[in-house]
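Chemist: Structure provided below as structure tokens; questions to follow.
Only the coordinates and a few stated rules stand behind these numbers; no lab work does. All values reported here derive from a predicted model rather than from experimental measurement. Cβ placement follows ideal geometry from the backbone for every residue including glycine, while neighbour counts extend to all protein chains displayed.
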Amino acid sequence: MSQPTAPETLGSLTDESPVDPNTKLAKAIAGRSPMQIAMGRLLRDKIAMLCAFVIVFFLCVAIFAPLICKLFGANTDTVFPSQFLDTLGGGMPLKGPPNNGFDPEHPFGIAPQSADDNLAYWIYGCRTSLMIAGLATLFASVVGVTIGLLAGFLGGMVDKILSFFIDLFLTVPFLLAALTLAPILNERFNTSDNYATIQKFSLVAVLALFSWMSMARLVRGEVLSLREREFVQAARVLGMPTHRILIKELMPNLAAPINISVSLMMPAVGAAEAGLAFLGIGVTSGASWGQTIAKAVKYFEQYPLYLWEPLIGIVLLVLSLNLLGDAIRDALDPKTRR
């Protein structure tokens, strides 16, 4: 006769050793919310903390850009470039790299032909990239969450119409649309006194217009699985209005997928901003990393530092945002094991 087996517990399905419920550790875990548990996982991830430090560094550079430039004596306004350049030697700098040593007055060197201070343009280029990426991600997230909630919860004809628009925008090539819209906007507002500001917000609108679809599809799928759950049915029976169900009942359960989607959308938008500026259809008036790379390409053999400075900034920012997004996803998903 076979021996009776003990009932299988949830702990035996994981790779973690069982915890005595009477210990202080077990009591501490029992008193924590899922968000607190996820934050604890995130704080123990050394790569995530390093990426968070890098992102905070870039945020500080963007926020305090005028103060940092004043501290280093850097300025985006160039006066008399002929006194800094060798006009007979191809417009290369007379001081600092590439032909001379380190110049403390211009720590990042100066640009050929224009004598722009590379440090000032790097700092303000960081501000431009983060501002555009942050605003575009914010607008795209708001639009995507709103449309996803309505499509998933209301269903029927509303879901069909909104899903049609989602699929329609997904079929439009982003680069082709940007190449089409950018010249129209530039021609419309190029005589305005606030052309630089208008150009940045136009780019934010274009990036947000073609970034909300993935968020909307993700939220719609989650809402379709949540709207038949007991707590939503109970809210309906109690006569709770639709907007309250969406905000009070469904939104808290969508926090994890929304956070993950935002953390992965922002680096993609930041890289797209630099790419458009490189192609000459993004930020062309003012400092931008992509615009600096476009100018530096032809000087790569003579002056490689001119190209590497904005390129390293883009790589560090986008890589840190991507790795932090992956870490947030792993922390919020209890089934993930690294």
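Chemist: Could the peptides 56-65, 131-140 be put in order, highest first, of the mean number of other beta-carbon atoms found within 10 Å of their residues?
Modeler: On the way: 56-65: 15.3, 131-140: 21.0.
Listed from highest to lowest mean packing, they are 131-140, 56-65.
Chemist: Once you have the Cα-Cα distance between residue 312 and residue 172, take 0.36 nm times their residue separation minus that, and quote the gain in nm to one decimal.
Modeler: Between residue 312 and residue 172, full extension yields 47.3 nm more.
Chemist: Residue by residue through the stretch 156-162, what is 3J(HN,Hα) from phi via Karplus (6.51 cos²θ - 1.76 cosθ + 1.60, θ = phi - 60°)? Round to whole Hz and write x for glycine and proline.
Modeler: x, 5, 4, 5, 5, 5, 5
Chemist: Additional query: For the stretch 45-179, with only Lys/Arg (+1) and Asp/Glu (-1) charged at the beta-carbon, what is the dipole magnitude about the Cα centre, in debye rounded to 20? Mind dumping the intermediate values first?
Modeler: Numbers: 5 positive and 9 negative charges, 56 e Å.
I would put it at about 260 debye.
Chemist: In percent, what relative contact order does the stretch 251-307 have, based on Cα pairs under 8 Å that are 6 or more apart in sequence?
Modeler: 20
Chemist: Calculate the spin-label point distance for residue 161 paired with residue 138, positioning each point 7 Å from the Cα along the beta-carbon direction, and give it in nanometres.
Modeler: So the two model labels end up 2.9 nm from each other.
Chemist: Take each of the peptides 296-305, 231-240, average the number of other beta-carbon atoms within 10 Å over its residues, and list them starting from the highest. Write down the numbers at each step before the final one.
Modeler: Numbers: 296-305: 14.5, 231-240: 12.0.
Order by mean packing, descending: 296-305, 231-240.
Chemist: The stretch 147-205: Rg/Rh from Cα coordinates, Kirkwood Rh? If you can, show how the numbers build up before the last one.
Modeler: Numbers: Rg = 16.5 Å, Rh = 13.8 Å.
Rounded to two decimals, Rg/Rh equals 1.20.
Chemist: Over 25 Å apart: what share of the alpha carbon pairs of the stretch 156-264 falls there, rounded to a whole percent?
Modeler: 43
Chemist: Also: When you count, for each residue, the other Cβ atoms within 10 Å and take the mean per peptide, how do 314-320, 271-277 rank with the highest first?
Modeler: Packing order, densest peptide first, comes out as 271-277, 314-320.
Chemist: Treating only the Cβ atoms of Lys and Arg (+1) and Asp and Glu (-1) as charged, compute the dipole magnitude of the stretch 199-338 about its Cα centre; round to the nearest 20 debye.
Modeler: Dipole about the Cα centre, nearest 20: 360 debye.
Chemist: Quick check: pseudo-label points 7 Å beyond the Cα along Cα→Cβ at residue 238 and residue 179, how many nm apart are they?
Modeler: Output for this residue pair reads 5.5 nm.
Chemist: Provide the net charge surrounding residue 288, with neighbours chosen by a C-beta distance below 11 Å and charges set as Lys +1, Arg +1, Asp -1, Glu -1.
Modeler: +2
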